[in-house]
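Here's the structure we're looking at; comments come further down.
The values are calculated or read from the model by the stated rules, or taken from the named source; none is laboratory data. Not measured: the values here are computed from a predicted model. In this analysis, Cβ positions are derived from the backbone assuming ideal geometry, glycine residues included, and neighbour counts consider all displayed protein chains.
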Amino acid sequence: SMLVKTSFLLVALTVCAGLGCEDGTDEPGQAEQKAVDPIVSRWKVAGLSVGASVTLNKSKVGQSCTRYDVQGVTSLLCDFEDPQSAEAGRERGLAWIGDATGAALLDHNRLLVVSDRDGVDPNGKAINQITKLFLKAEAPAEAPASVAKPVDEPAEREQSAGLGSLIPKVGEE
C-alpha cells in the first residue's frame with residue numbers, strides 16, 4: 001500500500017515533468033498572468049459574472065489579449081506597447097465585432113473589445129456596465145473633489161452644488 005502510493009506518485013510526477021504540468025500552462029505568456037487584472041476585479045466587485053480567462057497570444061485584435069465571458073458577453077482585454085498600436089488594435093477590434101452589438105474602447109495602451117455575438121444583451125445594459133467599469137478602472141481611487149476639499153466660502157459652496165447662478169447673493173435680491 002505504501003509502495004503503491006509511492007509508485008503512483010512517482011509515475012504522476014514523471015508524467016507531469018514530461019508534459020510540463022508544473023505551472024499549468026501550455027503556451028508561453030499564460031504563466032505571466034497570475035495576478036487578477038484590476039479591471040476584472042472591478043467587474044466582479046460590481047456584481048458582474050466573469051468566466052474563466054483564456055490567454056490569446058496572437059488574436060485577430062492584438063498580440064497580448066485575454067478573453068473573458070462577462071455577463072455572457074465576449075470581452076477581450078488587450079495590452080499594447082504604445083497608444084498607436086492600441087489604436088490599430090481598436091480598428092481590428094471593431095472589425096472583429098462585425099454585425100454584433102459591441103464596443104472597442106482605448107485607455108492609453110489598453111484596449112477593451114466587447115461583442116454580444118450570442119444576443120444575450122439585447123438592451124445593451126451589460127455592455128454599458130462592462131465598458132463604464134473599464135474606463136473607471138484606470139482612474140485613481142480618490143474621493144471626488146467636492147468631498148476631498150472642504151468648502152469655506154458661501155459662493156464656493158453654491159458653485160460646487162451647481163446652484164451659483166440660481167441663488168441670489170445677499171443684497172442682490
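Assorted remarks:
- Matching residues in the stretch 88-111 - criterion: being surrounded by fewer than 16 Cβ atoms within 10 Å (Cβ to Cβ) and of a type in the set (Gly, Ala, Ser): Ala88, Ala95, Gly98, Ala100
Here is a yes/no grid of residues against (1) under 20 Å from Lys58 (Cα atoms); (2) among the hydrophobic types (A, V, I, L, M, F, W, C); (3) at pLDDT below 95:
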residue: Val73; (1), (2), (3): no, yes, no
residue: Phe80; (1), (2), (3): yes, yes, yes
residue: Ser115; (1), (2), (3): yes, no, no
residue: Pro122; (1), (2), (3): no, no, yes
residue: Arg157; (1), (2), (3): no, no, yes
residue: Leu166; (1), (2), (3): no, yes, yes
residue: Glu173; (1), (2), (3): no, no, yes
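- Being in the same structural domain as Arg67 (by TED's automatic domain parsing) and buried (at least 19 other Cβ atoms within 10 Å of the Cβ) is a description that applies to Asp116.
- Selection count where residues are assigned to a strand (DSSP E or B) and out of contact with any helix residue (DSSP H, G or I) (no Cβ under 7 Å at 6 or more places or on another chain), scope the stretch 77-101: 1
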